[in-house]
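Report on the following structure.
The values are calculated or read from the model by the stated rules, or taken from the named source; none is laboratory data. Note that this is a predicted model, so its numbers are computed, not measured. Cβ sites come from the backbone with ideal geometry, for glycine too, and all protein chains shown count toward neighbours. Accessible surface areas use protein heavy atoms only, side chains included; no ligands, DNA or RNA. Shrake-Rupley method; radii C 1.70, N 1.55, O 1.52, S 1.80 Å.
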Amino acid sequence: DVPAAESRSVSKVVVKTAWRPSPYRSWELPEGVGVDVFEEGDKENYPKSSVLAHVVGRLPSGCVFESSEGKCQPPMQLVLGCNAIVPGMELGLKELSLGALADIRIPAHLGYGKAGVPRIVPPNSDLCFQVRLLEVDGKACREQPHADLPDDPESNAKEVDAKVLRHPWWLVRVERPPPSEYYSSFCRYVCSSSAVMLARAREVPRRALHDLQSADMSKAAGPFIVTGMQKGWKAQDEWNLNWFKSHLGDQRQLVKWLGPVFTKQENLWDTPVWETSVAEYVDYIHSLEEADPACAEENATDCPRLYLNGWPAFSQFPWLRKYVVPENASGGAASTSGALEDVNALLLAESEALRESLLEGLTAKGSYQAPEKEEQRLKLETEDWDLTKLFLSPKGSVTRLHFDNGGAHAWLSQIRGRKMFVCFAPSDGSHLHPFTGDEGLANCSW
């Protein structure tokens, strides 16, 4: 039982409700499917057999359960006439022409019905799919626009009062649960003017990178933070939130109420997910931290701290890799400057060598042609970068206690701001256990 920090004067944030985009036209089909068109298509090419589209799927609460762009995936190929998609989606798509941006509102019986999708879509749930038709029956748009709604005309307006927080439409359209106990504890015990340290807690020590060149990591007495790892990184000098808004602002991403989402033991709609552009997300972070810089518990309901985690940006945009390795270096392993062994790279190389040995042994003698060394090197390098993710968030975002990525070796490198880690000693293992249903899983909640 830790006493709460001493009380302090806090300004209550005033929320300004967002502008809500209105459809150009709306109608309902006899089957009960609703169509809201925000941008008209060419009114000439209507689908008969297939559609290529960016898709965002939402529950009635607004929670996002599917997003092609948000998941860094290519547009979806939607085939008509063969039960490949839910009936309501097919009915709605047939009403739209090439280039259209629209919401298709689907009643439960024309969606996933009584079954739903376990832990993703509740039984008997209505659905809403936002679609941007990029290709119809093989004919493509001249341009490839993003699947976002029209811009808010007030999005660039500067509030006179810093304590007025503007909630953008992408945020408002998703129902939010009450503030989590994790964030309330952060406000109460960590982010206050007189934070309280637990009696048995101790600070994790720091060790400089140059001191580890000949160190034996197996003899480390406990966890420690390595300083100087980012020496020579362009990211150290250039990266901040505004850099991402400038260079990647039009990219759509998913942001979460709590990270990670444990869909193995809880429902997605209990820990909702939003979809927005990087630029809109950065703007929200700036306004949030201006209106509520102290993370006051009194403002927790109106100031949700949403987390953009696990973005495979280095796989999606290979040009980003040069920012997180020393100059003239290549490969994800190069980010460690050779001071510490990169276990991920070693495991990938060993796995590939084993695969090649098996293929050679299972084929007729002399018939198997191993890939060229350069081809193999590039393949391993790509796989290594696939494991390198990017995380952005405002102050106060929370990652819950979890068992990460099958216990894989991982580097966590902070470019801007600070991140607090709570490390549990092996002796605490008897007090930690997975949630019911997650036992034995490689990536689970605790």
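Of all the residues in segment 47-81, those that are within 14 Å of the chain's Cα centre (by Cα), among the hydrophobic types (A, V, I, L, M, F, W, C) and over 23 Å from residue 113 (Cα atoms) number 1. Among the conditions (1) assigned to a helix (DSSP H, G or I); (2) surrounded by fewer than 21 Cβ atoms within 10 Å (Cβ to Cβ); (3) of a type in the set (A, V, I, L, M, F, W, C), the only one that residue 282 does not satisfy is (2).
Any residue that is open to solvent by 70 Å² or more (accessible area, probe 1.4 Å) and either touching a Ser or Thr at 6+ places or on another chain (Cβ under 9 Å) or within 24 Å of residue 392 (Cα to Cα) (or both) - is there at least one of those in segment 193-207? Yes; the residues of segment 193-207 include at least one that is open to solvent by 70 Å² or more (accessible area, probe 1.4 Å) and either touching a Ser or Thr at 6+ places or on another chain (Cβ under 9 Å) or within 24 Å of residue 392 (Cα to Cα) (or both).
Residues of segment 151-192 that are modelled with pLDDT under 80, part of a loop (DSSP other than H, G, I, E, B) and open to solvent by 50 Å² or more (accessible area, probe 1.4 Å): 151, 153, 154, 155, 156, 157, 158, 159, 160, 161, 163.
Could you check segment 8-55 and list, in sequence order, the residues that are among the aliphatic types (A, V, I, L, M), over 14 Å from residue 97 (Cβ atoms) and at pLDDT 95 or above? Show your work before the answer.
Within segment 8-55, the subset among the aliphatic types (A, V, I, L, M) is 10, 13-15, 18, 29, 33, 35, 37, 51-53, 55.
Among the residues that remain, those that are also over 14 Å from residue 97 (Cβ atoms) are: 10, 13-15, 18, 29, 33, 55.
Passing the criteria: 29, 33, 55.
Here residue 90 fulfils each of the conditions (1) free of Cβ contacts under 8 Å to residues at least 40 places away in the same chain; (2) open to solvent by 40 Å² or more (accessible area, probe 1.4 Å) apart from (2). Of all residues in segment 11-31, those that are under 32 Å from the mean Cα position of the chain (by Cα) and either farther than 25 Å from residue 109 by Cα or not in a strand (DSSP E or B) (or both) total 14. Just so you know, in segment 114-134 the residues that are open to solvent by 40 Å² or more (accessible area, probe 1.4 Å) and in contact (Cβ under 8 Å) with a residue 60 or more places away in the chain include one that is nearest to residue 34 (Cα to Cα), and it is 126.
Residue 244 satisfies every condition listed in (1) in contact with a helix residue (DSSP H, G or I) (Cβ under 9 Å, 6 or more places away or on another chain); (2) surrounded by 18 or more Cβ atoms within 10 Å (Cβ to Cβ); (3) not in a helix (DSSP H, G or I) except (3). Applying the criterion of being in a loop (DSSP other than H, G, I, E, B), out of contact with any Ser or Thr (no Cβ under 6 Å at 6 or more places or on another chain) and open to solvent by less than 90 Å² (accessible area, probe 1.4 Å) to the residues of segment 32-46, the residue that is farthest from residue 89 (Cα to Cα) is 40. The sole residue among 49, 67 that is open to solvent by less than 30 Å² (accessible area, probe 1.4 Å) and of a type in the set (Ser, Thr, Tyr) is 67.
Kindly indicate the residue of segment 70-81 that is part of a loop (DSSP other than H, G, I, E, B) and farther than 18 Å from residue 33 by Cα and also least open to solvent (accessible area, probe 1.4 Å) among those meeting that condition. Talk me through it step by step, then tell me what you get.
Just the residues of segment 70-81 that are part of a loop (DSSP other than H, G, I, E, B), to begin with: 70-75, 80-81.
With the extra rule that they be farther than 18 Å from residue 33 by Cα, the set shrinks to 70-75.
On the way: 70: 7, 71: 86, 72: 39, 73: 88, 74: 97, 75: 40 Å².
Here the answer is 70.
Assess whether residue 230 counts as being touching a Phe, Trp or Tyr at 6+ places or on another chain (Cβ under 6 Å) and part of a loop (DSSP other than H, G, I, E, B). No. Residue pairs whose Cβ atoms lie under 6 Å apart, separated by 6 or more positions or on different chains, with the first residue in segment 231-248 and touching a residue at least 12 places away in the same chain (Cβ under 8 Å) and more than 22 Å from residue 394 (Cβ to Cβ) and the second of a type in the set (A, V, I, L, M, F, W, C) and surrounded by 13 or more Cβ atoms within 10 Å (Cβ to Cβ), are 233/324. Screening segment 82-136 for residues that are assigned to a strand (DSSP E or B), over 18 Å from residue 27 (Cα atoms) and not charged (D, E, K, R) and picking the one that is nearest to the chain's Cα centre (by Cα) gives 121. When residues in segment 263-279 are screened for being touching a strand residue (DSSP E or B) at 6+ places or on another chain (Cβ under 9 Å), surrounded by fewer than 21 Cβ atoms within 10 Å (Cβ to Cβ) and β-branched (Val, Ile, Thr), 1 of them pass.
In segment 364-374 there is no residue that is open to solvent by less than 40 Å² (accessible area, probe 1.4 Å), modelled with pLDDT under 95 and among the hydrophobic types (A, V, I, L, M, F, W, C). Here residue 236 fits the description: of a type in the set (S, T, N, Q), open to solvent by 10 Å² or more (accessible area, probe 1.4 Å), within 22 Å of residue 411 (Cβ to Cβ) and assigned to a helix (DSSP H, G or I).
Looking for whichever is under 19 Å from residue 212 (Cα atoms), open to solvent by 30 Å² or more (accessible area, probe 1.4 Å), modelled with pLDDT under 85 and outside any helix (DSSP H, G or I) here; the options are 327, 341. Which one fits? I'd like the intermediate steps shown before the answer.
Details: 327 fails: under 19 Å from residue 212 (Cα atoms).
None of the others qualify; the one that does is 341.
Taking residue 320 as the residue in question, decide whether it is within 17 Å of residue 413 (Cβ to Cβ), modelled with pLDDT of 90 or more and in a strand (DSSP E or B). Against the criterion (within 17 Å of residue 413 (Cβ to Cβ), modelled with pLDDT of 90 or more and in a strand (DSSP E or B)), residue 320 does not qualify.
For segment 391-428, filtering for residues that are open to solvent by less than 70 Å² (accessible area, probe 1.4 Å), under 18 Å from residue 243 (Cα atoms) and either modelled with pLDDT under 75 or assigned to a loop (DSSP other than H, G, I, E, B) (or both) leaves 5.
Which pairs have Cβ atoms under 6 Å, sit 6 or more apart or on different chains, and link a residue in segment 198-211 that is farther than 23 Å from residue 232 by Cα to one that is open to solvent by less than 90 Å² (accessible area, probe 1.4 Å) and not in a loop (DSSP other than H, G, I, E, B)? Between residues of segment 198-211 that are farther than 23 Å from residue 232 by Cα and residues that are open to solvent by less than 90 Å² (accessible area, probe 1.4 Å) and not in a loop (DSSP other than H, G, I, E, B), the close pairs are 204/225.
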